[in-house]
Structures are given as C-alpha cells and as structure tokens.
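The values are calculated or read from the model by the stated rules, or taken from the named source; none is laboratory data. As the structure is a computational prediction, the values presented were derived from the model and not from experiment. Here Cβ is always computed from backbone atoms with ideal geometry, including for glycine, and neighbour counts include all displayed protein chains.
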Amino acid sequence: MIRLCAPDELAEGQSRGFLVDGLQLLAVRRHGQVHAYRNRCPHRGTPLDWAPDQFLDPSGSLIQCAQHGALFLIDSGECVAGPCAGESLTALACREDGEGIWLL
C-alpha cells in the first residue's frame, strides 16, 4: 500500500492529483467516499487537470477533462459527455483509514 495523504487533506467535494512511482493519478472525495483514477483521458491519453488539483467541473459534480471538456462520473469514471462518451477512466483501488488515504 502507498499512502497518498492524510484523510483531512482531501476535503468533501474536492479533488487532488498525485504522482506515485511515475503514475499520475487523481483522487476525489464525494459523499464521504474516496475515488481514485489514473490521470489520463481515454480520448487522447492526456492529463485531465488544467491546473494543479483542478479535476472537477464548475458544479463540482463531475470530473472534467481540461483538453476537450469530456465529463466523467465521479463514482464510476464513466464518460457521460464528450468525444470519449461510453469509455471510462481507469479506476485504482484505494482505501481510507484514520492514518491516511491509501493506494492499494
């Protein structure tokens, strides 16, 4: 397991990027649960963020690709709008305890 951050370093409704052993990833906390994905749009293989830790659309309810605006469900990573509709982000197994958020 690899510790990404302390639980309080990823607030409800927020996203955060990480670099782990050369792998770019993102984590989002929604409804108290942490979801982790590879930071790579399935359309062109580019990173999703437009600025550090900025992965969400203006409403904070979807992950948005900065390159072409594709929108992804936070809970599943499924693309629901944009050029990669029907494809999904690559989910990464994670868990949370009192000590941190962990990549499995």
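Just give me the residues in segment 82-97 being modelled with pLDDT under 95 and on the phi < 0 side of the Ramachandran plot, in sequence order. Passing the criteria: Pro83, Cys84, Ala85.
Arg44 fulfils the conditions (1) assigned to a loop (DSSP other than H, G, I, E, B); (2) touching a Gly at 6+ places or on another chain (Cβ under 9 Å) except for a single criterion, (2).
Restricted to segment 2-40, and to residues there that are of a type in the set (D, E, K, R) and in a loop (DSSP other than H, G, I, E, B), the residue that is surrounded by the most Cβ atoms within 10 Å (Cβ to Cβ) is Arg40. Counting only residues that are loosely packed, with under 12 Cβ neighbours inside 10 Å, of a type in the set (D, E, K, R) and touching a strand residue (DSSP E or B) at 6+ places or on another chain (Cβ under 8 Å), segment 76-101 holds 1 of them. Taking segment 48-98 as the region of interest, the strands (runs of 3 or more DSSP E) fully inside it that hold 1 or more residues being touching a residue at least 40 places away in the same chain (Cβ under 8 Å) are 62-64, 94-97.
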